[in-house]
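Comments concern the structure below.
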Amino acid sequence: MADMEGFKEARNIALAGNRRAADFHLKGSSHLDWGMKNRMSRIIKADTGRTVMLAVDHGYFQGPTSGLENMEDTLAPLLDYADCLMLTRGILRTSVPPGCEVPIVLRVSGGQSVLTELSNETLTVSAEDCMRLNACGMAFSIYIGAPHEHQTLAAFADLIDAGYAAGIPVLAVTAVGRDMARDARYLSLSSRMAAEMGANIVKTYYCENFERVTGTCPVPIVMAGGKKIAELDALTMAYNAVTEGAVGVDMGRNIFQSDCPVGMIKAVRAVVHYNEKPESALKIYEDEKKAARKAS
Ligand code: 5RP
């Protein structure tokens, strides 16, 4: 222990002052504890205020979907370009190297499959296991307007309590019940309800009048990619989403089902982090595809 000999009194007191901690870069998050802010900053980067999350959690309800047949092969080339990985604990433990430095958001809701009622979800992973896995976030689907709406909202409320107790942010996934239209009215209802219940981040789909969704949600919104569409259309959707208030994307199928996933995630990064226009971002994808073809 340092001894008292040669002890020097504090001198530059004037410099100490009461400097305010810089405002936090994410809306609705300034009053969170340090740990929550640190984890949110690992998901949504402070330098651009944006994020490109790679979603590969689809197997929890639909099994080995196209592009996710072999998770190590799918993930290895993409990890360098993902700001964050959204996946299940089963895939994390079996298929991601523990040395991986990409922040993890764990899928913690489930309990149904494509063979049954999609909204029949509940909590399937404890906050304790999320801590054990060093997760930066917990993702839970709420099904507004679906048969199990109350069940998912009640379990979501329990997760919010556990998230605050553990200091792990909760990402609400506004899943869409089979008969619901993905319009601004429905998505702003779902996103706002999630935020009112305490979600720290909301993931929802892009729609017309998207600013009505982002502008009425007090916490950051990331856009879910949705089903595979043409690369230019997916890049345009991502560009429109961040231009209209989203802090980024949580994209899966439009990356891992692309014929050049690395090219596509690079192009998405250019759009999300640097506001690259879709047409020039598409060139990043095409150049990567050509280079990959040459190398093979
Ligand atoms: C389905 C999910 C996915 O994480 C979400 O839909 C994003 O993936 P994609 O871009 O393929 O829609 O919640 O499990």
### Task
Can you tell me what the convex hull of the Cα atoms of the stretch 1-132 projects to on average, as an area in nm²?
13.6
### Task
For an R0 of 25 angstrom, estimate the FRET efficiency from the Cβ-Cβ distance between MET197 and LEU79 and round to the nearest 0.05.
0.20
### Task
Could you tell me what percent of the accessible area of the chain is made up of carbon and sulfur, with a 1.4 Å probe and every protein chain present?
52
### Task
Could you work out the relative contact order of the stretch 61-155, using alpha carbon pairs under 8 angstrom and six or more residues apart, expressed as a whole percent?
24
### Gain in span if fully extended, ALA291 to ILE229, counting 0.36 nm per residue against the direct Cα distance
20.1 nm
### Summary
Taking the stretch 166-225, the whole-percent share of alpha-carbon pairs separated by over 17 angstrom is 29
## Note on the structure
Longest principal axis of the chain (C-alpha) makes with the long axis of helix 278-295 (C-alpha) an angle, in degrees to the nearest 10, of 80
### Query
Across all directions of projection, what mean area in square nanometres is found for the Cα convex hull of the stretch 162-275?
7.6
### Those residues of the stretch 223-257 whose amide nitrogen sits under 11 Å from the label point placed on ASP129, 7 Å along Cα→Cβ
none
### Query
Could you give the angle, 0 to 90 degrees to the nearest 10, between helix 34-43's Cα long axis and the longest principal axis of the Cα atoms of the chain?
40
### Task
Using only Cα atoms, find the angle between the long axis of helix 261-274 and the longest principal axis of the chain, and express it within 0 to 90 degrees, rounded to the nearest 10.
50
## Note on the structure
Amide H contacts under 5 Å for ARG107, restricted to residues at least 5 apart in sequence or on another chain and with H modeled in the peptide plane, are LEU87, THR88, ARG89, ALA139
### Query
For the stretch 219-296 and the stretch 30-53, what is the separation of their C-alpha centers, rounded to whole Å?
21
### For the chain, calculated [θ]222 nm from helices alone, where every DSSP H run of n ≥ 4 adds -39500 (n - 2.57)
-12000 deg cm²/dmol
### Query
Measuring from label point to label point, each 7 Å out along Cα→Cβ, what is the THR116 to HIS150 span in nm?
1.9
### Summary
When the chain is treated as a Gaussian network with springs between alpha carbons less than 10 Å apart, the largest mean-square fluctuation among ASP57, ASP250, ASP158 is found at ASP158
### Query
Sorted by packing (mean other beta-carbon atoms within 10 Å per residue), highest first, where do 176-182, 283-289, 199-205, 230-236 land?
199-205, 230-236, 283-289, 176-182
### Query
For the stretch 69-111, what is the largest minus smallest coordinate of the Cα atoms on each principal axis, given in angstrom and ordered from greatest to least?
31, 21, 16
#### Entry: Calculated log₁₀ intensity ratio I(q)/I(0) where the Debye formula runs over C-alpha points of the stretch 215-259, q = 0.15, 0.22, 0.31 Å⁻¹
-0.37, -0.70, -1.12
### Query
Which of the peptides 110-118, 123-131 is most tightly packed, and how do the rest follow, judged by the mean count of other Cβ atoms within 10 Å per residue?
123-131, 110-118
### Message
Based on alpha-carbon centroids, what's the gap between the stretch 168-195 and the stretch 90-149 in Å, whole number please?
### Response
17
### Summary
Across 10 Å bins beginning at 0, the whole-percent shares of Cα-Cα pair distances in the chain come to 6, 27, 35, 19, 7, 4, 2, 0
### Task
Report relative contact order for the stretch 133-288 in percent, whole number only (criteria: Cα-Cα under 8 Å, sequence separation at least 6).
16
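The values are calculated or read from the model by the stated rules, or taken from the named source; none is laboratory data. It should be emphasised that the depicted structure is a prediction, and the values quoted were computed from it without experimental measurement. No Cβ is skipped: glycine too gets one built from the backbone with ideal geometry, and neighbour counts run over all protein chains shown. These accessible areas exclude ligands, DNA and RNA; they are computed on the full protein's heavy atoms, side chains included. Shrake-Rupley method; radii C 1.70, N 1.55, O 1.52, S 1.80 Å.
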